[in-house]
Each structure stands twice: as C-alpha cells, then as structure tokens.
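What follows is a single structure, written as structure tokens, with notes after it.
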Amino acid sequence: MIEILDVPVQGFCKGVSKAIETAQKTLHSDCPKPVTVLGSLVHNAYVNQSLGKQGLQVLEAKGKSRLKLLDEIDAGTVIFTAHGVCDQVRAKAEAKGLNIVDASCPFVLATQKLINRKRADGASILYIGKKGHPEAEGAVYGHEGIYLIETIDDLPENLTGPIFVTNQTTMSILDLEALFDQIKERYPQAEFCSEICNATRVRQKAILDLAGQNIDCLIVVGDPQSNNTNRLAQIGQAAGIQTIMQVESASQLDLDALKGTHKVAVTSGASTPAYLKDQVIERLNTLNDQAAAGFLS
Ligand code: SF4
C-alpha cells in the first residue's frame, strides 16, 4: 500500500483566478470581438483549452516577444496575461486602437511599480528572473539600466552608484537566497527586496517541510511551461526527495514506476486546476485498491 500525502495548498492562486475570471467576463461581454489573449493567459494547457472553447483566441509563438506578437492583432480586444506586459506593449496596443483588458496579477504589477520607483531614484536594477519568460520580459524590456540575471554569470561587472536587486515572483526561494548572497559579495552597497509572491512561497515551504518525512516520490501536477510548477519539482530535489515525477494530469502517471513505493506526496502549481491534482490522487488510490484486492504485490 502506498501512503499518499496531499500536500496542503492547492488550486489557483489569486492572480490566476483573477485572470480567468477577467477573461470569462470579457468573452461574455459586448466588448469588441474577437477577444485575443497575448500569450497563454495562464501557464496551463487545460485552462487555456477550456477558455478556447468559449471563444478566446490565444496568440502564442515560442521565442516571440509580446511586442512582436502584438503585430498579429489588428482588431477587437486584447487581453494582457497574468504575467504582465512592458510599457511598450501597452503603448503599442493603444496606438493600434485595440480595446485593452489587463489581467496582470497585482503582485506582478507591484514589482513593476517598485522597479520604476527605484529607476527614477537613479538605481541600476538587477532583476533575477528567467530569460524568455513573459513576466521577466514585462519587467525588463526596453529599459536602460535593468539587467536580467538568471545565473551569477549574468551579473554585470563594475556597476557604480545605487543598485536595487529584485526578482520574478515565481522564483525558487532557495535559488534567490543564494543569488542574493553572491550579488552581495560583489556589490555590498546593493539594496535587496524579495518579491516572491505568497502563493509561490507557501507552496515551496510546504515541500521543504517534507524533508525528513521519508517521502519516496514527489508528484508535481502542472504544466511544463509553468515556472512556479517547475520550481516545486526543483525544491523537492533540494528537500532530498529521491524521485520527482512531474505530470500534467493523472493520465501521465507512470504507475509501474510507483511499484514498491511506500510514501508519495502530491503537490500542484498555482496555475493547476484543483481537479487535476484530485484526479492524480484518485488514480493513486486505485493502485491501493488493486493492491488490497490482491492484483498487485
Ligand atoms: S503565482 Fe503569484 S505572481 Fe503569479 S499569478 Fe499567482 S499570485 Fe500572481
């Protein structure tokens, strides 16, 4: 029998819930049509497919910035995703005469405001984030004096004057601490402000709390595009869990790989619908039912 631990905190975070509600309201309003979302509304294929069935058009092209993607929308309503956009995207959408609906997460907007304030005070900004991620693009794009730091190798040499260090909201709390320490060594005068959002922090802390609980396998339910989901898997490794399985849904579970496993923990990203995690737990329970019925050893 497998002991199944349902790691607390599941379902959508506030930012994702708000973005989905905003998209649904917009689709059912009398706003100019078509309604096109600039990139994936949230990083979950199931959510995006369901909104697609309700008429939402999703404009996504790997490697293309939001600014470039906007060239492909000439009419109707554009929705900005939970990840936020840079000022140039807003200005371009306005100049094109599009009806704008902003579903940016308030926490992302708060980080952008903080950066703007510090830039106005004359600080160089070191923004710790993921290259190619829309939230990082929204925060750093087109601004002089903002540096996107993914690893310590990206740290610029010989900055002078005030320096402000902050980050993408969905980074790993462990990576961020380590990078802050490394940056402090080179730039002791820098001011630091962690902007990891609460939804990301509590999910990661819940995984770190699993250390020492003899968990054989951590199952992380979420979309591979979702940064906060991917970070949960990474934190699981840091917590010393031997096997990490990342799945989008119950159908991807490799039950054979779980044979002989005693204790499994299940968690999910902030953009994963709660029902997908519940279905994973249900499927694990069927494994236990089969074992109880003597089909499995
Ligand atoms: S993970 Fe955090 S920053 Fe991202 S949408 Fe959710 S609450 Fe907002």
Quiz item: Would you call THR81 within 22 Å of ASN230 (Cα to Cα) and out of contact with any Leu (no Cβ under 8 Å at 6 or more places or on another chain)?
Solution: no
Quiz item: Within segment 243-274, how many residues are surrounded by 13 or more Cβ atoms within 10 Å (Cβ to Cβ) and closer than 25 Å to MET171 by Cα?
Solution: 17
Quiz item: Is there a residue being open to solvent by 10 Å² or more (accessible area, probe 1.4 Å) and within 14 Å of the ligand (Cβ to nearest atom) anywhere in segment 178-193?
Solution: no
Quiz item: Quick one: is ALA103 modelled with pLDDT of 95 or more and under 18 Å from the mean Cα position of the chain (by Cα)?
Solution: yes
Self-check item: Enumeration of residues in segment 157-176 that are surrounded by 13 or more Cβ atoms within 10 Å (Cβ to Cβ) and of a type outside the set (A, V, I, L, M)
Solution: PRO162, PHE164, THR166, ASN167, GLN168, THR169, THR170, SER172, ASP175
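Looking at GLY84, GLY76, GLY97, GLY129 in this structure, which one is at pLDDT 95 or above, of a type outside the set (D, E, K, R) and assigned by TED's automatic domain parsing to the domain that holds LEU155?
Within the list GLY84, GLY76, GLY97, GLY129, the selection yields GLY129.
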Exercise. Scan THR36, THR26, THR77 and give me the residue that is more than 30 Å from ALA293 (Cα to Cα) and touching a residue at least 60 places away in the same chain (Cβ under 8 Å).
Key: THR26
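Need a quick list: strands (runs of 3 or more DSSP E) entirely within segment 112-177 having at least 2 residues that are β-branched (Val, Ile, Thr) and more than 16 Å from the ligand (Cβ to nearest atom). Working first, answer last.
Details: elements: 124-128, 146-149, 163-167.
Strands (runs of 3 or more DSSP E) meeting the threshold: 146-149, 163-167.
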Quiz item: Tell me, which strands (runs of 3 or more DSSP E) wholly within segment 211-297 include 1 or more residues that are within 26 Å of the chain's Cα centre (by Cα) and hydroxyl-bearing (Ser, Thr, Tyr)?
Solution: 243-247, 263-268
Practice problem: Would you check if GLU185 is among the charged types (D, E, K, R) and assigned to a loop (DSSP other than H, G, I, E, B)? | Solution: no
Quiz item: What residue, among those in segment 26-52 that are open to solvent by 70 Å² or more (accessible area, probe 1.4 Å) and within 23 Å of the chain's Cα centre (by Cα), is farthest from ILE281 (Cα to Cα)?
Solution: GLN49
Self-check item: Subset of segment 83-101 [closer than 23 Å to ALA270 by Cα and open to solvent by 10 Å² or more (accessible area, probe 1.4 Å)]
Solution: HIS83, VAL101
Quiz item: So which residues in segment 194-225 are of a type in the set (S, T, N, Q) and either open to solvent by less than 10 Å² (accessible area, probe 1.4 Å) or within 16 Å of the ligand (Cβ to nearest atom) (or both), if there are any at all?
Solution: SER194, ASN198, THR200, GLN204, GLN225
Quiz item: Within the bounds of segment 125-145, is there any residue that is among the hydrophobic types (A, V, I, L, M, F, W, C), more than 23 Å from SER17 (Cβ to Cβ), touching a helix residue (DSSP H, G or I) at 6+ places or on another chain (Cβ under 6 Å) and crowded, with 18+ Cβ neighbours inside 10 Å?
Solution: yes
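The values are calculated or read from the model by the stated rules, or taken from the named source; none is laboratory data. Not measured: the values here are computed from a predicted model. A quick note on method: Cβ atoms are made from the backbone with ideal geometry, for glycine too, and the neighbour counts reach across all protein chains shown. Surface accessibility is based on the protein's heavy atoms, side chains included, excluding ligands, DNA and RNA. Shrake-Rupley method; radii C 1.70, N 1.55, O 1.52, S 1.80 Å.
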